[in-house]
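Everything below concerns the one structure shown next.
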Amino acid sequence: MSSEGGSGAGRDRPWIFRTYAGHSTAAESNKLYRGNLAKGQTGLSVAFDLPTQTGYDPDDLLARGEVGKVGVPVAHLGDMRALFHEIPLERMNTSMTINATAPWLLSLYIAAADEQGADRKLLSGTTQNDIIKEYLSRGTYVFPPAPSLRLTTDVIAWTYSNMPKWNPMNVCSYHLQEAGATPVQELSFALATAVAILDSMKASGAIPDEDFPKAVGRISFFVNAGMRFVTELCKMRAFTELWDEICQERYGVEDERYRRFRYGVQVNSLGLTEQQPENNVYRILIEMLAVVLSRNARARAVQLPAWNEALGLPRPFDQQWSLRMQQIVAYETDLLEYGDIFEGSSEITKKVEALKDEAREELARIDAMGGAVAAVDSSYMKRQLVEANSARLAAIEAGEQVVVGVNRWTDSEPSPLAGGEGGAILTVPEHVEEEAVGKLAAWREARDAAAVKAALADLESAARDGRNIMEPSIAAAKAGVTTGEWGRVLRDVFGEYRAPTGVGQAVRNDAGDLAAVRSVVEAVSDRLGRRLKFLMGKPGLDGHSNGAEQIAVRARDCGMEVVYEGIRLTPAQIVNAAVEEDVHVIGLSILSGSHLALVGDVMERLRTAGADDIPVVVGGIIPDEDAGRLKAMGVAAVYTPKDFQLTDIMADVARIVGGRSGQAA
């Protein structure tokens, strides 16, 4: 059973209540955290901004437009200190969604806790620290797989000895579902990741064999729950049973306590809609029920998105609304007074067994390839996700998968929730980045340069020599080293990595009637004298590539020649590629809120290069006001999540190019 057990009065204790939060500055995020805790939240879940997640400082070229947008910037110990001001870390359960830079952020957390006088052995919480899913779905990887796995195992080994209450690795299937994974793929890819980590841990010899079961018991999971309620509930039961099976059969874990499938959950954000966003409240509740109703597969921690996350950054009230949903289910219903209400159900058992059988087959396939890392390098898992997501989107476009307010019952009254000043979302002021850069310069000026140099030298030595990275990282944190400096040292030692895109070459015709669009593309191509060429670009640090991949796939299926080089490109690289490849149209996908800065940079560079005749189209979570500003820059079209008919977008792109064919040919 994955619940925390009964309270002694015949009623289970509720799960940990969290909201995923962080933005602008450490001080502003601290204010938000303390407000949420006062409202009854029982744990923290820290969202870091993209520069922090990928090992850059706010003044780095790649950080432009990204500082504080999708999370809190933490560039040094001073920021971590401010983030947890007046929050006693020894008594707090803290989840940190951090992966490539997990050893560094954990080191900063430990340094801040040491300053508070906390006992490290009492610190509880989780570092996500799952790099494999970053290669597949979320894109905040930095280093190649082998050194990344080493960093993961360094954290596991160090926390095992020094922070026994800490979960050092949170195998994350959440983003797999966001990337389109089926329930079977979510089960098998996540479990394959856990196996890869534990196999690597065992091979390292860092933990004695007799203690290995306890280390297994500290591995936790972070999952997703979508709208297919019965399937999602059965998926969670399948997860608990398959993990128990793997722990027993593969690792010989005899103690049932160490075989428990301990998981936290954020329910699906993928299914939240920009259209009729008030419907998202019901979606979030239904998705939450799938992970709390079955006592034998109940989440240990739950964090819920806000109803308006498809529109932008939620406000404190929006997060409070999601927190109240958890509290009402936990405290006003009788849910926690009963055992597992699905035990003995023939329908549930049949579905669980079917999911387990299919997941075992997929796990065997991945194992035969050499495991999860090999399945990443070969792009097998990435291709599977891209194809599954293509099928999902095609079903929505065709109306086979109903989404209320999107492809059925689309007539709607204006929503009073989405009206008012600011458009019902929180916006990060543009001055945040400039101030962060100024504060960073002051931090560097005030620290002991000799101590920083010595700490960085020892960090580099540890990375090259194979020593555990944690102690040198903690020393570096205390010396005042910055996130970008830590990242630069490890980049120099390990190198950087570009994961496969998963966008294959095979053309498919199962996403509605493509014939009409293909004929338009052919006509425009004839007028141009060659195949219409489309550059799909992902500028900045936003690694959520699902939309970009699907646009690239659909453009290819509509007959266009597609150039797509994956995530994390600078505006300069995109413009250079557009000129060198002699493309007819550029598509930019930005989901991090940094669209104004990055698109403006691209447009200016196109003008400088004399290539401003190439039309630019932009997609992302973009408020109407910003869409107008983008068009004023010269952007030909702006698409948001409400534009779910990808084939219609392709027809629009072909018309835009056709209208300029005289200049583009």
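The values are calculated or read from the model by the stated rules, or taken from the named source; none is laboratory data. Keep in mind that what you see is a predicted model, and the values were worked out from it rather than measured. With ideal geometry, Cβ positions are generated from the backbone for all residues, glycine too; neighbour counts draw on all protein chains shown. Only protein heavy atoms, including side chains, enter the accessible area calculation; ligands, DNA and RNA are left aside. Shrake-Rupley method; radii C 1.70, N 1.55, O 1.52, S 1.80 Å.
Close contacts from segment 235-251, counting a first residue that is surrounded by fewer than 23 Cβ atoms within 10 Å (Cβ to Cβ) and a second that is basic (Lys, Arg), with Cβ to Cβ under 6 Å and a gap of 6+ residues or different chains, come to LEU242/LYS356; ASP244/ARG259.
Among residues of segment 600-619 being in contact (Cβ under 8 Å) with a residue 40 or more places away in the chain and under 17 Å from ILE551 (Cβ atoms), the one that is nearest to the chain's Cα centre (by Cα) is GLY619.
Taken as a whole, the condition of being hydrophobic (A, V, I, L, M, F, W, C), within 29 Å of PRO641 (Cβ to Cβ), open to solvent by 30 Å² or more (accessible area, probe 1.4 Å) and under 19 Å from the mean Cα position of the chain (by Cα) applies to LEU270.
Scanning segment 307-356 for residues that are on the phi > 0 side of the Ramachandran plot and touching a residue at least 40 places away in the same chain (Cβ under 8 Å) turns up just one, GLY312. For GLU604, the conditions (1) open to solvent by 30 Å² or more (accessible area, probe 1.4 Å); (2) closer than 29 Å to GLY312 by Cβ; (3) part of a loop (DSSP other than H, G, I, E, B) all hold with the exception of (3). Looking only at residues of segment 106-141 that are among the polar types (S, T, N, Q) and crowded, with 22+ Cβ neighbours inside 10 Å, we find that the one that is nearest to LYS202 (Cα to Cα) is ASN129.
Could you look through segment 29-51, keep only residues that are assigned to a helix (DSSP H, G or I) and among the basic types (Lys, Arg), and pick out the one that is most open to solvent (accessible area, probe 1.4 Å)?
LYS31
Annotation for segment 607-617: at least one member residue is closer than 27 Å to ALA523 by Cα, of a type in the set (D, E, K, R) and outside any strand (DSSP E or B). Across segment 184-229, the number of residues qualifying as under 26 Å from LEU289 (Cβ atoms), of a type in the set (Val, Ile, Thr) and buried (at least 24 other Cβ atoms within 10 Å of the Cβ) comes to 1.
Could you go through segment 111-119 and let me know if any residue there is of a type in the set (A, V, I, L, M, F, W, C), under 12 Å from the mean Cα position of the chain (by Cα) and under 21 Å from PRO51 (Cβ atoms). No: zero hits. The sole residue among GLU254, GLU245, GLU274 that is modelled with pLDDT of 95 or more, over 17 Å from TYR174 (Cβ atoms) and not in a helix (DSSP H, G or I) is GLU254. Just need a number here: residues in segment 396-421 that are over 24 Å from VAL281 (Cβ atoms) and within 26 Å of the chain's Cα centre (by Cα). Selection size over segment 396-421: 1.
Please tell me if GLY566 is assigned to a helix (DSSP H, G or I) and modelled with pLDDT under 95. No; evaluated as a whole, the condition is false for this residue. Among the residues making up segment 142-170, those that are in a loop (DSSP other than H, G, I, E, B) and open to solvent by 10 Å² or more (accessible area, probe 1.4 Å) are PRO144, PRO164, LYS165.
Checking each residue in segment 549-598 for being touching a Gly at 6+ places or on another chain (Cβ under 7 Å) and within 15 Å of ILE649 (Cα to Cα) picks out GLU549, ILE551, ILE586, GLY587, LEU588, SER589.
Cβ-Cβ distances below 7 Å connect the following pairs, each with a first residue in segment 575-586 that is closer than 14 Å to GLY610 by Cα, a second residue that is in a helix (DSSP H, G or I) and open to solvent by 70 Å² or more (accessible area, probe 1.4 Å), and a separation of six or more residues or different chains: VAL575/ARG605.
Is it the case that ALA475 is free of Cβ contacts under 8 Å to residues at least 60 places away in the same chain and in contact with a helix residue (DSSP H, G or I) (Cβ under 9 Å, 6 or more places away or on another chain)? Yes, satisfied. Screening the candidates GLY610, GLY658 for the property of being open to solvent by 20 Å² or more (accessible area, probe 1.4 Å) and not aliphatic (A, V, I, L, M) yields one hit, GLY610.
Candidates are the residues of segment 293-340 that are of a type in the set (Lys, Arg) and open to solvent by 20 Å² or more (accessible area, probe 1.4 Å); the one that is modelled with the lowest pLDDT is ARG315.
Taking segment 313-390 and the helices (runs of 4 or more DSSP H) fully enclosed by it, no element has 3 or more residues that are among the acidic types (Asp, Glu) and under 22 Å from the mean Cα position of the chain (by Cα). State whether one or more residues within segment 340-348 are closer than 26 Å to CYS172 by Cα and out of contact with any Ser or Thr (no Cβ under 7 Å at 6 or more places or on another chain). Among the residues of segment 340-348, at least one is closer than 26 Å to CYS172 by Cα and out of contact with any Ser or Thr (no Cβ under 7 Å at 6 or more places or on another chain), which makes the answer yes. Quick check on ALA290: is it outside any helix (DSSP H, G or I), open to solvent by less than 30 Å² (accessible area, probe 1.4 Å), at pLDDT 95 or above and farther than 30 Å from PRO623 by Cα? Spelling it out, it is not the case that ALA290 is outside any helix (DSSP H, G or I), open to solvent by less than 30 Å² (accessible area, probe 1.4 Å), at pLDDT 95 or above and farther than 30 Å from PRO623 by Cα.
Results for (1) surrounded by fewer than 24 Cβ atoms within 10 Å (Cβ to Cβ); (2) polar (S, T, N, Q), shown as yes or no for each residue.
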{"site": "GLN53", "(1), (2)": "no, yes"}
{"site": "LEU61", "(1), (2)": "yes, no"}
{"site": "GLU66", "(1), (2)": "no, no"}
{"site": "VAL74", "(1), (2)": "no, no"}
{"site": "ASP79", "(1), (2)": "no, no"}
{"site": "ILE87", "(1), (2)": "yes, no"}
{"site": "MET92", "(1), (2)": "yes, no"}
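Taking GLU90, is it under 22 Å from GLN41 (Cβ atoms) and of a type in the set (Asp, Glu)? Criteria met by GLU90.
Scanning segment 69-87 finds no residues that are of a type outside the set (A, V, I, L, M), touching a helix residue (DSSP H, G or I) at 6+ places or on another chain (Cβ under 7 Å) and in a strand (DSSP E or B). Number of residues in segment 554-571 that are under 23 Å from GLY68 (Cβ atoms) and open to solvent by 30 Å² or more (accessible area, probe 1.4 Å): the value is 0.
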